[in-house]
1. Restricting attention to the stretch 319-338, and to residues there that are open to solvent by less than 70 Å² (accessible area, probe 1.4 Å) and not in a loop (DSSP other than H, G, I, E, B), which single residue is nearest to the ligand (Cβ to nearest atom)?
2. Tell me, please, whether a residue that is crowded, with 17+ Cβ neighbours inside 10 Å and not in a helix (DSSP H, G or I) can be found in the stretch 193-211.
3. Among the residues of the stretch 392-404, which ones are of a type in the set (D, E, K, R) and within 14 Å of the ligand (Cβ to nearest atom)?
4. Within the stretch 348-370, take every residue that is out of contact with any strand residue (DSSP E or B) (no Cβ under 6 Å at 6 or more places or on another chain) and open to solvent by 30 Å² or more (accessible area, probe 1.4 Å) and give me the one that is farthest from Leu319 (Cα to Cα).
5. Say we look at the stretch 30-42 and pick out the residues that are in a helix (DSSP H, G or I) and open to solvent by 10 Å² or more (accessible area, probe 1.4 Å); which of these is nearest to Ile157 (Cα to Cα)?
Amino acid sequence: MIKKHLNTKEFLWIALIFWSASFTAIEAPFSFVFKTSIQPWQLVIDGIISLLFIADLIYHLRETRNKIKTGQQKHKKKSFFSLMLIVDILACIPFDLLSYYLGHQDLFIAFRLMRMIRIIKVYELIENITIVPGLFKIQSIVVGFLMVVNWIACGWIYIYPMGSDTDVTTYYIRSFYWALTTLTTIGYGDITPHDNTGRIFTCFIMIIGVGMYGIVIGNISRMLASADRHKEQSRERINDLLMFMKHYRIPEKLQTAAINHYSHLFSKRLSDDDEKIIADLPHALQQEMHIYMKIKLISNIPVFFGCSHDCLKDISTHLEQVYSSPGDMIIKIGDIGEEMFVLSHGIVDVIMENGERMATLHDGQIFGEFALLQETTRTANIISQTYCDLYKLTQKSFNEIIKKYPILRQNIENTTQRRSSDKSQSGSSKGKS
Ligand code: CMP
């Protein structure tokens with residue numbers, strides 16, 4: 001089955017439905033076996049959960065209708081579809097509120113158990129999401145396990161109802177303890193069934209206990225193993241890099257920079273080669289990805305602050321990636337300016353005609369804007385100090401974009417003004433000295 005990718009809002013919605021369904025799945029059987037009278041707080045929660053389920057039902061019905069319309073989904077088998085629909089509709093009815101006002105509490109509590117079926121659908125949904133945050137996965141396993149223990153404890157209470165010699169809390173804890181020890185196959189034997197119904201029920205729990213335990217332990221160890229595998233891979237890569245750098249006697253400073261870069265990538269769980277990750281996607285999709293990768297890069301650059309998403313997308317479409325090595329002259333003084341550069345990664349020096357270093361530019365700065373804006377020749381040499389990742393924007397695209405987005409023009413003009421005043425200040429201080 002094709003897994004579904006959710007955005008943050010959709011995921012938060014599922015988490016909300018998960019917690020609502022889990023609450024009902026834990027509370028409904030409890031109220032059912034203890035026949036507790038409905039408290040005001042239960043009415044409020046019942047109303048809220050009903051509203052959430054109604055909203056969810058409407059959302060899914062609309063989604064299914066749209067999918068059928070656009071041909072993404074075929075009509076489901078009618079009988080199954082309508083059965084699940086009936087369960088979903090029943091789950092929306094606020095049975096606590098109804099029984100509070102209409103009486104017949106027993107009947108309505110039995111109907112409330114219907115809501116428990118909803119939790120199965122939520123788990124099915126979570127299984128079909130591409131990326132589930134680790135913490136949510138762990139809590140869904142733990143809650144699921146506790147839910148099952150609670151159901152078994154309630155089953156036990158149903159078979160052996162509470163006597164008058166104890167209270168609800170003590171009896172529930174005792175039943176929960178029995179359920180947990182039986183399910184985990186520990187079975188101390190201090191609480192035992194004393195009739196055939198109880199014994200058959202216990203046999204059934206022992207059988208499902210083996211599978212259940214296996215599923216929970218299997219899931220958790222798979223998660224831990226995958227986290228560990230990632231750590232191990234990162235450690236291996238860093239060790240290889242260290243050995244490589246030692247072999248070639250790479251200077252200490254460069255070694256630290258390389259290790260820091262790797263650690264940063266691994267901490268974010270990114271690949272050191274973004275291209276590899278998207279290489280198998282269709283060309284058009286790759287192009288789109290590249291645009292968004294560039295948007296992410298330039299949106300953090302001060303000169304693009306305040307630019308709309310459309311503006312950033314427009315610029316990204318026109319940016320072309322280029323590289324330079326240490327010592328390369330990227331811009332030569334006196335040349336005609338044909339492009340502007342965005343320094344994505346690396347260091348370049350701005351050298352004046354007299355050989356003086358005017359400035360050093362780092363990640364996220366631009367250069368080569370002056371000649372394009374003023375329509376003059378280049379005012380300084382730009383020389384790479386390190387390996388640099390650059391993006392260039394041709395004069396034609398530059399002119400089109402700054403014409404279309406005045407805020408960008410303003411930002412670039414401000415940068416140019418600041419740089420010109422730096423230059424004149426440095427010139428005048430030289431003159432004085
Ligand atoms: P341009 O004149 O097109 O080419 C050389 C570039 O060096 C210039 O645009 C600016 O981008 C950059 N530059 C010039 N002076 C400074 C400065 N004082 N600080 C930073 N960058 C500068």
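The values are calculated or read from the model by the stated rules, or taken from the named source; none is laboratory data. Just so it is clear, the structure is predicted and the values come from calculations on it, not from any experiment. As a convention, Cβ positions derive from the backbone with ideal geometry for all residues, glycine included, and neighbour counts pool all protein chains shown. Accessible surface areas use protein heavy atoms only, side chains included; no ligands, DNA or RNA. Shrake-Rupley method; radii C 1.70, N 1.55, O 1.52, S 1.80 Å.
1. Ile331
2. Taking the stretch 193-211 first, the residues crowded, with 17+ Cβ neighbours inside 10 Å are 193, 201-202, 205, 209.
With the extra rule that they be not in a helix (DSSP H, G or I), the set shrinks to 193.
Yes, the stretch 193-211 contains a residue that is crowded, with 17+ Cβ neighbours inside 10 Å and not in a helix (DSSP H, G or I).
3. Lys392
4. Narrowing the stretch 348-370 to residues out of contact with any strand residue (DSSP E or B) (no Cβ under 6 Å at 6 or more places or on another chain): 353-356, 362, 364, 370.
If we keep only those that are open to solvent by 30 Å² or more (accessible area, probe 1.4 Å) as well, we get 353-356, 362, 370.
Details: Glu353: 29, Asn354: 32, Gly355: 30, Glu356: 30, His362: 18, Phe370: 18 Å.
Here the answer is Asn354.
5. Pass one, the stretch 30-42, residues in a helix (DSSP H, G or I): 30-34, 40-42.
Filter again for open to solvent by 10 Å² or more (accessible area, probe 1.4 Å), leaving 30, 32-34, 40-42.
Numbers: Phe30: 9, Phe32: 10, Val33: 6, Phe34: 8, Pro40: 25, Trp41: 24, Gln42: 21 Å.
Result: Val33.
So that you can scan it fast, the table gives a plain yes or no per residue for (1) under 23 Å from Val33 (Cα atoms); (2) in the same structural domain as Asp88 (by TED's automatic domain parsing):
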position	(1), (2)
Glu127	no, yes
Ser140	no, no
Leu183	yes, no
Ile191	yes, no
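Here's the yes/no breakdown for (1) modelled with pLDDT under 95; (2) away from the ligand (no atom under 14 Å from the Cβ); (3) open to solvent by 80 Å² or more (accessible area, probe 1.4 Å); (4) in the same structural domain as Ile351 (by TED's automatic domain parsing):
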| position | (1), (2), (3), (4) |
| --- | --- |
| Leu372 | yes, no, no, yes |
| Ile382 | no, no, no, yes |
| Tyr387 | yes, yes, yes, yes |
| Leu390 | yes, no, no, yes |
| Pro406 | yes, yes, yes, yes |
| Arg409 | yes, yes, yes, yes |
| Thr415 | yes, no, no, yes |
| Arg418 | yes, no, yes, yes |
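Yes or no, residue by residue, for (1) open to solvent by 100 Å² or more (accessible area, probe 1.4 Å); (2) assigned to a helix (DSSP H, G or I):
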site	(1), (2)
Ile191	no, no
Glu236	yes, yes
Thr256	no, yes
Ser263	no, yes
